[in-house]
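Peer 1: Next up is a structure, given as structure tokens.
The values are calculated or read from the model by the stated rules, or taken from the named source; none is laboratory data. Small disclaimer: the values here were computed from a predicted structure and weren't measured. Neighbour counts run over all protein chains shown; Cβ positions are idealised from the backbone, glycine included.
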């Protein structure tokens, strides 16, 4: 990792905390007294010059355990004392301290902020009452420490009966977004399906969401992905037409965020600083365009899109906002650009997949402005692909960061 990111004096133990072998030894010993049988990093959130949050899945003692850690430079001991005083240990320690790494770890379902995580930790009467169905077991699907977590709820026959999502501060917003959009689209739209909110417990930040069938687009490739992107385009066109618009404004590509993205890249990858600044200068020198605001999904990542026959299902509406149509489309196309730069797809395939997305979108008779689309692809590549590659510590993207930024700059040259 050292070769991909410059040292950070504020997070001096970053690379050690990202080392799966070392963390398996440390966390296994802390949990069971012996090195883990397996250790997989499943999430990371690195804030340059500030902190690192990280999640590991540990195989130890004949079971799997999820452990989340956060760095606290110069104050980890006091944070640990407060955290340990507030929870009781069960079969495993609830909180661990690694003073040599200035890091405190929480064993799931313990978390520094998310008290509602206990709902996701297997069967309980509280979970059954919230879901409205007997839940035989749960399976953790996503976990961002201190922010949010999602789990599948399965019945005794192994059928998924619901998803429960626990937020720290966004449950009310996602509840409003999801209910309004699902009601506007309805269950029978030929292009788009949105999950209904089945129940909510806002004091715990918990939402119960309808399970939707389909294959995640990020798991498709080759001949399957083209039809999937075409369906995604049609689904996004349908969502963009939903009214009323969310009250929140899309701001993820504002000038301040663009400038911060270039700064972050320059700090951790000095070799890419100049090209990042060039992309920033070109973006700020051009009008983003985009026309009248539409109902933007806000995070149209392929993992949030499920292909069910010829229809797309979109999940995770917490970032829904009013903004340009090119914001959603540009984000998807920036992902294809990154895939081509990483040589996971060729230039011809990139073009064909991008054309499939736009072909699906244009079924409604609305063609996105070409200049606005290029601007949003470039801006998304800078702020929503390159910077998350740093923040999530994604080696495959980091290894090709300069070519990605150069390709983005060419779009707005």
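Peer 1: What's the number of the only condition in (1) in contact (Cβ under 8 Å) with a residue 24 or more places away in the chain; (2) surrounded by fewer than 18 Cβ atoms within 10 Å (Cβ to Cβ); (3) touching a helix residue (DSSP H, G or I) at 6+ places or on another chain (Cβ under 7 Å) that residue 280 fails to meet?
Peer 2: So residue 280 meets the others, but not (2).
Peer 1: To continue, here is another question. Please go through region 1-23 and give me each residue that is buried (at least 21 other Cβ atoms within 10 Å of the Cβ) and within 16 Å of residue 96 (Cα to Cα), ordered by number.
Peer 2: Hits for region 1-23 are 17, 23.
Peer 1: Across region 220-234, which residue is surrounded by the fewest Cβ atoms within 10 Å (Cβ to Cβ) among those that are modelled with pLDDT of 95 or more and out of contact with any strand residue (DSSP E or B) (no Cβ under 8 Å at 6 or more places or on another chain)?
Peer 2: 226
Peer 1: Can I ask one more? Got a number for residues in region 245-261 being within 14 Å of residue 380 (Cβ to Cβ) and either touching a residue at least 12 places away in the same chain (Cβ under 8 Å) or assigned to a helix (DSSP H, G or I) (or both)? Lay out the reasoning, then the answer.
Peer 2: Initial filter on region 245-261 (within 14 Å of residue 380 (Cβ to Cβ)): 250-254, 257-258, 261.
Pick out the ones that are also either touching a residue at least 12 places away in the same chain (Cβ under 8 Å) or assigned to a helix (DSSP H, G or I) (or both) and you get 250-253, 257-258, 261.
Matching residues across region 245-261 total 7.
Peer 1: Any residue that is more than 26 Å from residue 260 (Cβ to Cβ) and without any contact (Cβ under 8 Å) to a residue 12 or more places away in the chain - is there at least one of those in region 4-12?
Peer 2: Scanning region 4-12, I find no residue that is more than 26 Å from residue 260 (Cβ to Cβ) and without any contact (Cβ under 8 Å) to a residue 12 or more places away in the chain, so the answer is no.
Peer 1: Filter region 156-170 down to the residues that are farther than 14 Å from residue 198 by Cβ and without any contact (Cβ under 8 Å) to a residue 60 or more places away in the chain, then identify the one that is surrounded by the most Cβ atoms within 10 Å (Cβ to Cβ). Lay out the reasoning, then the answer.
Peer 2: Just the residues of region 156-170 that are farther than 14 Å from residue 198 by Cβ, to begin with: 156-159, 166-170.
From what is left, the residues that are without any contact (Cβ under 8 Å) to a residue 60 or more places away in the chain are 156-159, 166, 168-169.
Working: 156: 10, 157: 7, 158: 8, 159: 11, 166: 25, 168: 18, 169: 11.
My answer is 166.
Peer 1: Please specify each residue of region 394-410 satisfying the condition of being outside any loop (DSSP other than H, G, I, E, B), within 21 Å of the chain's Cα centre (by Cα) and over 15 Å from residue 266 (Cα atoms).
Peer 2: Scanning region 394-410 gives 395, 396, 397.
Peer 1: Turning to a different aspect of this structure: Check off (1) within 18 Å of residue 248 (Cβ to Cβ); (2) crowded, with 19+ Cβ neighbours inside 10 Å for residue 173 and give me the number that stays unchecked.
Peer 2: Of everything listed in (1) within 18 Å of residue 248 (Cβ to Cβ); (2) crowded, with 19+ Cβ neighbours inside 10 Å, residue 173 misses just condition (2).
Peer 1: Among 209, 198, 215, which is the only one that is crowded, with 19+ Cβ neighbours inside 10 Å and either under 30 Å from residue 350 (Cβ atoms) or modelled with pLDDT of 95 or more (or both)? Outline the logic, then answer.
Peer 2: Details: 198 fails: crowded, with 19+ Cβ neighbours inside 10 Å; 215 fails: crowded, with 19+ Cβ neighbours inside 10 Å.
None of the other options fit; the residue is 209.
Peer 1: Would a scan of region 394-404 turn up a residue that is in contact with a helix residue (DSSP H, G or I) (Cβ under 9 Å, 6 or more places away or on another chain), surrounded by 23 or more Cβ atoms within 10 Å (Cβ to Cβ) and in contact (Cβ under 8 Å) with a residue 40 or more places away in the chain?
Peer 2: The first filter runs over region 394-404 and keeps only residues in contact with a helix residue (DSSP H, G or I) (Cβ under 9 Å, 6 or more places away or on another chain), leaving 394-398, 400-404.
Checking the rest, the ones that are also surrounded by 23 or more Cβ atoms within 10 Å (Cβ to Cβ) come to 401, 404.
Checking the rest, the ones that are also in contact (Cβ under 8 Å) with a residue 40 or more places away in the chain come to 401, 404.
Yes, there is a match, as at least one residue in region 394-404 is in contact with a helix residue (DSSP H, G or I) (Cβ under 9 Å, 6 or more places away or on another chain), surrounded by 23 or more Cβ atoms within 10 Å (Cβ to Cβ) and in contact (Cβ under 8 Å) with a residue 40 or more places away in the chain.
Peer 1: Give the residues of region 82-103 that are in a helix (DSSP H, G or I), in contact with a strand residue (DSSP E or B) (Cβ under 8 Å, 6 or more places away or on another chain) and either closer than 24 Å to residue 169 by Cα or modelled with pLDDT under 95 (or both), sorted by residue number. Explain how you work it out, then say what you get.
Peer 2: Filtering region 82-103 down to residues in a helix (DSSP H, G or I) leaves 82-85, 99-101.
When the remaining residues are screened for being in contact with a strand residue (DSSP E or B) (Cβ under 8 Å, 6 or more places away or on another chain), the result is 83-84, 101.
Scanning region 82-103 gives 83, 84.
Peer 1: Within region 104-121, does at least one residue satisfy the condition of being over 17 Å from residue 55 (Cα atoms) and modelled with pLDDT of 95 or more?
Peer 2: No, region 104-121 contains no residue that is over 17 Å from residue 55 (Cα atoms) and modelled with pLDDT of 95 or more.
Peer 1: Identify the single condition in (1) touching a helix residue (DSSP H, G or I) at 6+ places or on another chain (Cβ under 9 Å); (2) surrounded by fewer than 22 Cβ atoms within 10 Å (Cβ to Cβ); (3) over 16 Å from residue 298 (Cβ atoms); (4) assigned by TED's automatic domain parsing to the domain that holds residue 385 that residue 250 does not satisfy, given that it satisfies every other one.
Peer 2: The one condition residue 250 does not meet is (3).
Peer 1: Among the residues of region 319-336, are any in a loop (DSSP other than H, G, I, E, B), under 24 Å from the mean Cα position of the chain (by Cα) and more than 30 Å from residue 184 (Cβ to Cβ)?
Peer 2: Step one: of region 319-336, the residues in a loop (DSSP other than H, G, I, E, B) are 319-320, 324.
Subset that is under 24 Å from the mean Cα position of the chain (by Cα): 319-320, 324.
Remaining after also requiring more than 30 Å from residue 184 (Cβ to Cβ): none.
No, every residue in region 319-336 fails to be in a loop (DSSP other than H, G, I, E, B), under 24 Å from the mean Cα position of the chain (by Cα) and more than 30 Å from residue 184 (Cβ to Cβ).
Peer 1: When the residues of region 359-393 are filtered to those that are outside any helix (DSSP H, G or I) and surrounded by fewer than 17 Cβ atoms within 10 Å (Cβ to Cβ), which remaining residue is nearest to the chain's Cα centre (by Cα)? Full working, then the answer.
Peer 2: From region 359-393, those outside any helix (DSSP H, G or I) are 365-369, 392-393; that's our starting set.
Then keep just the ones that are surrounded by fewer than 17 Cβ atoms within 10 Å (Cβ to Cβ); that gives 365-367, 369, 392.
Numbers: 365: 31, 366: 29, 367: 28, 369: 27, 392: 9 Å.
Among them, the one singled out is 392.
Peer 1: Another question, then. Which is closer than 18 Å to residue 198 by Cβ and either in the same structural domain as residue 61 (by TED's automatic domain parsing) or in contact (Cβ under 8 Å) with a residue 40 or more places away in the chain (or both), of 130, 140? Before the answer, list the steps.
Peer 2: Working: 140 fails: closer than 18 Å to residue 198 by Cβ.
Just one listed residue meets the conditions, 130.
Peer 1: What number of residues within region 31-65 are buried (at least 21 other Cβ atoms within 10 Å of the Cβ), more than 18 Å from the chain's Cα centre (by Cα) and assigned to a strand (DSSP E or B)?
Peer 2: Within region 31-65, residues that are buried (at least 21 other Cβ atoms within 10 Å of the Cβ), more than 18 Å from the chain's Cα centre (by Cα) and assigned to a strand (DSSP E or B) number 3.
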